Amino acid sequence: METYVLKDERKKELEILDKAIEKVGRKELPHILRIQQTVLKAVDEYMYKKNITRIMPIMIAPITDTLNHDVEECEVNYEGQKFDITKSMIFHKQVILSSPYLDKIYIVSPNVRLEQEEKGDKRHLFEFTQVDFEFKGADMDDIFEFQEGLVKYVFDYIKKECADEFKALGIGTSHLDVSVPFKRYTTQELKVKYGDDFEEIASKKATQPFWLINHKREFYDAEDLENPGTYKNYDLIWPYGYIEGMSGGEREYKYDRILTRMRENGVDENAFRNYIQLAKDGKIPKTAGAGFGVERMTRFICQQNEIDDVTVFTRKPGEIYLF
Ligand code: AMP
Ligand code: MG
């Protein structure tokens, strides 16, 4: 009996194996990958021209992003010390900018977030890459202008360089004709207008990317002290229903503010004791920044049904993984 069960399981696994190899062998894939490669080339060029220093990513560290939602934990023990796998390099960005010699940095940063499966979800992977940047002394307006410039630069570049790829994929490029500056809305005004699903509804109605500002979330996004309960943070929303493409904020950097916000959010202060120490010593500078998901941008550019359509190996939550 047991061997039959094993055989059945093996049969199922072999079917999944076929599917995995079909996914690698899709004729669309080389075109999608070429577009993604061109995105990264354009991003690097834009950053280089603006004199933004590229930092190599780290993949494990004693502290990582606290995130705004629950994911499965993913720890590694090394030399008797506990490491988390990088969820984002937010705290590392702040620590890097403690240097008096570095002002503007970015990282093409692999992130592992063991997301819970959600029915109908088309935009989460359990590992992905974000282009993560942070600028000393910057405020929200600086980041808006920078990111609007980046999106326009990348999209114009792609339209010029990847005409053959768009033709092969059978899609147009009018969704890449963006006009800056992008409109700005607060989460509150869109919630009043559209209800709880405001992000999705507003994204579906939009034909241009737009900013969604003022989210109550992680402790490190700065609260506006002139308007307590509002936050100096933002998401960039892709139009045509592709929803969130980027998140960022001005950051909390003062010791008392960091502690207040950590306590509000129930963050483990002991785990963050060295980060807190830096803040206490006045070593964390005032910064603002953001990060955008490369696969989400590729999905939007290539107008793919779901984010897993732009990956080589399945990284969609809730599947069985062979590679
Ligand atoms: P966050 O600051 O957590 O919003 O992450 C920055 C950006 O990374 C998001 O705006 C998305 O573009 C991307 N991102 C976040 N989580 C995922 C995920 N699970 N799968 C793919 N992309 C993601
Ligand atoms: Mg976000």
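Every number here is computed from the coordinates shown, using simple stated rules; none is lab data. If you're wondering where the values come from, they're calculated on a predicted model, not measured in any experiment. Methodologically, a virtual Cβ is constructed for each residue, glycine included, from the backbone with ideal geometry; neighbour enumeration extends over all protein chains shown.
Of note:
- If only the Cβ of Lys and Arg carry +1 and only the Cβ of Asp and Glu carry -1, the dipole of region 157-238 around its Cα centre is close to 320 debye.
- Tensor-based shape of region 76-232 (alpha-carbon gyration tensor, a/c under 1.5 rounded, otherwise prolate or oblate): rounded
- The chain shape via C-alpha gyration tensor axes, a/c threshold 1.5: oblate
- Value of [θ]222 nm, deg cm²/dmol, for the chain, DSSP H segments ≥ 4, -39500 (n - 2.57) each, nearest 500: -12000 deg cm²/dmol
- Between residue 161 and residue 81, the simple label model (points 7 Å from Cα in the Cβ direction) yields a spacing of 3.8 nm.
- Over all other residues within a Cβ to Cβ distance under 9 Å of residue 53, the charged ones net out to +1, with Lys and Arg as +1 and Asp and Glu as -1.
- About the Cα centre, charge dipole magnitude for region 199-323 (Lys/Arg +1, Asp/Glu -1 at Cβ), debye: 280
- Note that region 90-98 has calculated 3J(HN,Hα) couplings of 3, 6, 5, 4, 5, 5, 4, 7, 5 Hz, one per residue in order, obtained from phi through the Karplus relation 6.51 cos²θ - 1.76 cosθ + 1.60 (θ = phi - 60°); glycine and proline are x.
- Cα gyration tensor, region 28-155 - rounded (a/c under 1.5), prolate or oblate: oblate
- Rounded to the nearest Hz, the phi-derived 3J(HN,Hα) couplings of region 221-229 under the Karplus curve 6.51 cos²θ - 1.76 cosθ + 1.60 (θ = phi - 60°) are 7, 5, 7, 7, 5, 7, 9, x, x, where x marks glycine and proline.
- Amide H contacts of residue 138 (H built 1.01 Å from N, under 5 Å, at least 5 apart or other chain): 288
- Most to least packed among 75-82, 86-93, 172-179 [average Cβ atoms within 10 Å]: 86-93, 172-179, 75-82
- Region 32-101: relative contact order in percent, alpha carbon pairs under 8 Å with at least 6 residues between: 28
- Cross-link reach list, lysines versus residue 286, counting only Cα pairs under 21 Å and skipping chain neighbours closer than eight places: 50, 93, 104, 136, 216, 232, 254
- 25 °C / 0.890 mPa s Stokes-Einstein diffusion coefficient of region 204-284, Kirkwood radius on C-alpha pairs, µm²/s: 175
- Residue of 28, 15, 223 that the Gaussian network model of the chain assigns the largest fluctuation, springs spanning Cα pairs under 10 Å: 15
- Backbone amide hydrogens, once placed in the peptide plane, bring residue 243 within less than 5 Å of 238, excluding anything fewer than 5 places away on its chain.
- Amide H contacts under 5 Å for residue 53, placed H, 5+ residues apart: 104, 105, 106
- Segments 244-250, 202-208 sorted - mean Cβ within 10 Å per residue, highest first: 244-250, 202-208
- The mean sequence distance of close C-alpha pairs (under 8 Å, at least 6 residues apart), as a share of the length of region 145-205, puts its relative contact order at 31 percent.
- Normalised by the number of residues in the chain, the average gap of Cα pairs under 8 Å and 6 or more apart makes the relative contact order 21 percent.
- Net charge of neighbours whose Cβ lies under 10 Å from the Cβ of residue 191, counting Lys and Arg as +1 and Asp and Glu as -1: -3
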